[in-house]
Amino acid sequence: MRGSDVEVPAAGVMENFLSKIRRYVGASALEAQVQVSPHFLPEGAVSFAVSLKDLDSMAALVTDDLLPDEVHRSVYQRRIAFIGGRLCAELAMESINVSTEGGVFRCFDGVPKWPPGIVGSITHTEHMAYATIVNSSHIGSLGIESEPVASDDATRSILSFCCTDLEREVWFGSGLDSRMPRFCFRLKKPFTRRFIPV
């Protein structure tokens, strides 16, 4: 079952990305790199974003003890995206006074294991990482997604992948606005994440 088994950190290791980066670069240097996420959010949700390029110098300070084995063994871009997403999640948790001790745990299938009373979502693009959380008394689950603007060929490909013939005809007609198919994809993917959280 997805999300049922949690990887527990080693005994006594309760540090997180946020505390470790703050310790090495200082709170003001970190806060200068963080921004509010541009996602449309439900009431009560908190979201943060960080540029992976800006995070690059700070991420070098994060030792491998905070990375799950499969992330530690992955390519650098995957590691920096993981760190960015978790850092944004920890900042969001801290902003609503939820303990960040130990960070955001992972289930064995990679799904974030949010603290009790919180639901959230983490996503990233090639250049940015984002995380959003909300109190679970406000909403049952949450999903966010970010995608770059697509070329016309990519737009047609997205349409054929994520929309039925009827949806394409009714929603888009004969016109092709490159933003709309991407928007449709963005709407459907978080909806899927509502049932299969990531």
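Taking the criterion of being among the aliphatic types (A, V, I, L, M), assigned by TED's automatic domain parsing to the domain that holds I83, under 13 Å from G85 (Cβ atoms) and assigned to a loop (DSSP other than H, G, I, E, B), the residues of segment 96-152 that qualify are V104, V111. The single residue among S146, S157 that is at pLDDT below 80 and touching a His at 6+ places or on another chain (Cβ under 9 Å) turns out to be S146. Look at V104 and say whether it is farther than 22 Å from F40 by Cα and touching a Pro at 6+ places or on another chain (Cβ under 7 Å). Yes, satisfied.
Among the residues that make up segment 63-76, is at least one of them in a loop (DSSP other than H, G, I, E, B), modelled with pLDDT under 80 and touching a Lys or Arg at 6+ places or on another chain (Cβ under 6 Å)? Checked against the condition, which is being in a loop (DSSP other than H, G, I, E, B), modelled with pLDDT under 80 and touching a Lys or Arg at 6+ places or on another chain (Cβ under 6 Å), segment 63-76 yields at least one hit.
Residues in segment 115-126 that are in contact with a helix residue (DSSP H, G or I) (Cβ under 8 Å, 6 or more places away or on another chain) and either touching a residue at least 40 places away in the same chain (Cβ under 8 Å) or within 16 Å of F48 (Cβ to Cβ) (or both): I118, G120, S121, I122, T123, H124, E126. Counting only residues that are outside any helix (DSSP H, G or I) and under 13 Å from L55 (Cβ atoms), segment 20-34 holds 1 of them. Within segment 1-19, the set of residues being in a loop (DSSP other than H, G, I, E, B) and modelled with pLDDT of 75 or more comprises just one member, N16. Looking only at residues of segment 17-60 that are under 16 Å from the mean Cα position of the chain (by Cα) and polar (S, T, N, Q), we find that the one that is nearest to V134 (Cα to Cα) is S47. Answer yes if at least one residue in segment 34-45 is closer than 24 Å to S136 by Cβ, in the same structural domain as I118 (by TED's automatic domain parsing), modelled with pLDDT under 75 and in contact with a Ser or Thr (Cβ under 8 Å, 6 or more places away or on another chain), and no otherwise. Within segment 34-45, one or more residues are closer than 24 Å to S136 by Cβ, in the same structural domain as I118 (by TED's automatic domain parsing), modelled with pLDDT under 75 and in contact with a Ser or Thr (Cβ under 8 Å, 6 or more places away or on another chain). In segment 112-124 there is at least one residue that is at pLDDT 75 or above and exposed (fewer than 15 other Cβ atoms within 10 Å of the Cβ).
Among the residues of this structure, A49 does not count as one that is out of contact with any Cys (no Cβ under 8 Å at 6 or more places or on another chain) and at pLDDT 75 or above. If you go through segment 81-93, how many residues are in contact with a helix residue (DSSP H, G or I) (Cβ under 7 Å, 6 or more places away or on another chain) and within 18 Å of G44 (Cβ to Cβ)? Qualifying residue count for the region: 1.
The values are calculated or read from the model by the stated rules, or taken from the named source; none is laboratory data. Quick caveat, the model's predicted, so the values are computed rather than measured. Note that each Cβ is placed from the backbone with ideal geometry, even for glycine, and that neighbours are counted across all protein chains shown.
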